[in-house]
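Data block below; observations after.
The values are calculated or read from the model by the stated rules, or taken from the named source; none is laboratory data. Keep in mind it's a predicted model, so treat the numbers as computed, not measured. Note that we place each Cβ from the backbone using ideal geometry, even for glycine, and neighbour counts take in every protein chain shown. For accessibility, only protein heavy atoms count, side chains too; no ligands or nucleic acids. Shrake-Rupley method; radii C 1.70, N 1.55, O 1.52, S 1.80 Å.
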Amino acid sequence: MSDSEKFEDDLIVAMSRTGEGFEPGRTDRAGLVAGGYERGRRRWRRRSATAVVGGAAAMALVGGGAFYLTGTQAKSEGTVAAASPAASAASGITPASAPSTAAAKTTPVSGDEVLAAFKALLPAGQSTDTHGSGTEPPAGKPDAVGFAGAQLVFDDGQGKAAMGISITRLAENDPNRSQNTCPDRKLVPYDACATTTTADGGTLTVLQGYEYPDRHVSTKWWSAKLIGRDGRQIELSEWNSPAEKDAPDSRPNPPLSPEQLKAIVTDKSWDKVVASIPEPKPIKVRDTSKEYTAKEILAVTAGLLPAGLQETETSAEGLGYANFVVDDGRGKSLVQLNVQDRSNSKDVNGELFGGVEAGPDGVKVVIRKEGGNPGMWTVDTLHPDGLRVVISSFNSGTQKTPATRPAPVLTDDQMKAIAASPLWKLKK
């Protein structure tokens, strides 16, 4: 992964939950969109492309989409019977016969089995362009496989639709276990979304959204994501198109209803697949004790807003990032803040703030204005202690809805006063 790709990953995480990553020289809209929503989708794509086809036939996907591969994999056709209580048995992976977790680890599940399990859970229709990825480890690497999945094009007679399912396990201390919620609607527009708690204490999020957050095409992307108490992460995606990108819509909506999506990802057919995936090793968890929480960012900013303006529609979760909406009576304006320790960075001055003269308070300031509909105004500051505070404001109440006013509510000077305030202190 290149430095820029790594930085993009870190920035998106910062925007949503974990507070990492300002890319030197770049605070563009792409880095500010969709937070954990896009982060999760991209991580799934990378894992899928590697595990399913070794990268040979994977689509190069940038900026959206979750899991669909086309091209050189083997194709098969067949009519799938409507799902029933016996559907799991038809797949060859039954909850009744599923071995214990320990035993299943020594009995990998094949890609054909994963595909059969997926097809058995679908309603009546025809599946083409099918491919499954199992948990058979390569020779000499018994713990190399941590993923299983399947994808196909499904047609119930109402139009072809791309579908894909991904099954993996999260380490016990993986922060992603607690990050299964609906995206911030100010950042990611969608038609409907609901998060529920499962019987075992896990979480299930069902989203009815769009392939592109800016909806420049009409393709819909619906998904269900289950994170169980045992660490299983099962994600199912479907589109109202035979391919997730660059294919005309074939039907008004994807074929599976939210209830059907939920039923598939929670089906016991996946127990054996999950058990056959090696238990993930604990991950190195970053120390977040010195980071600003969203609540802390909102608290500092609230006291710095011009008289008469108040924070509304706030985001109050996560680290290093917060957003809210202000309205002066002439239209809403979305405001976003990023706060990060850059005291140990060797490149932030040279690439972004190099040549920028510090003010009397020692703060370096860079102002950028990005056009578009909506437009984004940004004030980027580097404090003398190495704390970087970035504030962006839109001339709309969200990142993706058209402008409702000529300029954001906050002026450049007002944003500078907020970002350069001495109230921001590097945590020791």
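Points worth noting:
- Note on the stretch 175-208: residues that are part of a strand (DSSP E or B), out of contact with any Ser or Thr (no Cβ under 7 Å at 6 or more places or on another chain) and free of Cβ contacts under 8 Å to residues at least 12 places away in the same chain total 1.
- Residue that is modelled with the lowest pLDDT, among those in the stretch 146-202 that are of a type in the set (Val, Ile, Thr) and under 20 Å from the mean Cα position of the chain (by Cα): Val188
- Pairs with Cβ under 6 Å, 6+ apart, first in the stretch 262-273 and farther than 16 Å from Thr203 by Cβ, second surrounded by fewer than 20 Cβ atoms within 10 Å (Cβ to Cβ) and of a type outside the set (Lys, Arg): Lys268/Pro95; Asp271/Pro95; Lys272/Ala104
- Candidate set: the stretch 405-420, residues that are of a type outside the set (Val, Ile, Thr) and part of a loop (DSSP other than H, G, I, E, B); chosen: the one farthest from Gly372 (Cα to Cα): Ala420
- Of the residues in the stretch 141-154, not one is open to solvent by 40 Å² or more (accessible area, probe 1.4 Å) and touching a Phe, Trp or Tyr at 6+ places or on another chain (Cβ under 8 Å).
- In the stretch 239-252, the condition of being part of a strand (DSSP E or B) and touching a Lys or Arg at 6+ places or on another chain (Cβ under 8 Å) is met by at least one residue.
- Among the conditions (1) touching a residue at least 60 places away in the same chain (Cβ under 8 Å); (2) in a helix (DSSP H, G or I); (3) surrounded by fewer than 20 Cβ atoms within 10 Å (Cβ to Cβ), Pro280 misses just one, which is (2).
- Some residue of the stretch 401-412 being modelled with pLDDT under 95, open to solvent by 10 Å² or more (accessible area, probe 1.4 Å) and on the phi > 0 side of the Ramachandran plot: no
- Matching option when the condition is out of contact with any helix residue (DSSP H, G or I) (no Cβ under 6 Å at 6 or more places or on another chain) and open to solvent by 50 Å² or more (accessible area, probe 1.4 Å), among Gly371, Gly397, Gly375: Gly371
- Selection of the stretch 222-262 for residues being open to solvent by 10 Å² or more (accessible area, probe 1.4 Å), of a type in the set (A, V, I, L, M, F, W, C) and within 21 Å of Phe118 (Cα to Cα) yields Trp222, Leu226, Ala243.
Residue-by-condition table, conditions (1) small (Gly, Ala, Ser); (2) farther than 23 Å from Gly320 by Cα; (3) in a helix (DSSP H, G or I):
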position	(1), (2), (3)
Asn349	no, no, yes
Glu357	no, yes, no
Pro360	no, yes, no
Asn373	no, yes, no
Pro384	no, no, no
Arg388	no, no, no
Ala403	yes, yes, no
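- Any chance Arg342 is open to solvent by 60 Å² or more (accessible area, probe 1.4 Å) and either modelled with pLDDT under 95 or closer than 22 Å to Gly308 by Cα (or both): no
- Residues (open to solvent by less than 70 Å² (accessible area, probe 1.4 Å), over 30 Å from Thr398 (Cβ atoms) and at pLDDT 85 or above) located in the stretch 345-363: Val356, Ala358, Gly359, Gly362
So that you can scan it fast, the table gives a plain yes or no per residue for (1) farther than 27 Å from Pro258 by Cα; (2) crowded, with 19+ Cβ neighbours inside 10 Å; (3) modelled with pLDDT of 50 or more:
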| residue | (1), (2), (3) |
| --- | --- |
| Ala81 | no, no, no |
| Ala86 | no, no, no |
| Gly92 | no, no, no |
| Ala96 | no, no, no |
| Phe118 | no, yes, yes |
| Pro123 | no, no, yes |
| Thr130 | no, yes, yes |
| Gly134 | no, yes, yes |
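- Filtering the stretch 263-277 to residues that are over 21 Å from the mean Cα position of the chain (by Cα) and either surrounded by fewer than 22 Cβ atoms within 10 Å (Cβ to Cβ) or under 13 Å from Gly228 (Cβ atoms) (or both) leaves Ala263, Asp267, Lys268, Trp270, Asp271, Val273, Val274, Ala275, Ile277.
- All told, Leu337 falls short of being touching a helix residue (DSSP H, G or I) at 6+ places or on another chain (Cβ under 6 Å), under 19 Å from Glu296 (Cα atoms) and assigned to a loop (DSSP other than H, G, I, E, B).
- Glu211 being open to solvent by 10 Å² or more (accessible area, probe 1.4 Å) and in contact with a Ser or Thr (Cβ under 6 Å, 6 or more places away or on another chain): no
- Any hit, the stretch 287-301, residues being part of a helix (DSSP H, G or I), closer than 20 Å to Val390 by Cβ, of a type outside the set (Phe, Trp, Tyr) and in contact with a Gly (Cβ under 6 Å, 6 or more places away or on another chain): yes
- Those residues of the stretch 165-193 which are of a type in the set (S, T, N, Q) and open to solvent by 20 Å² or more (accessible area, probe 1.4 Å), in sequence order: Asn173, Asn176, Ser178, Gln179, Thr181
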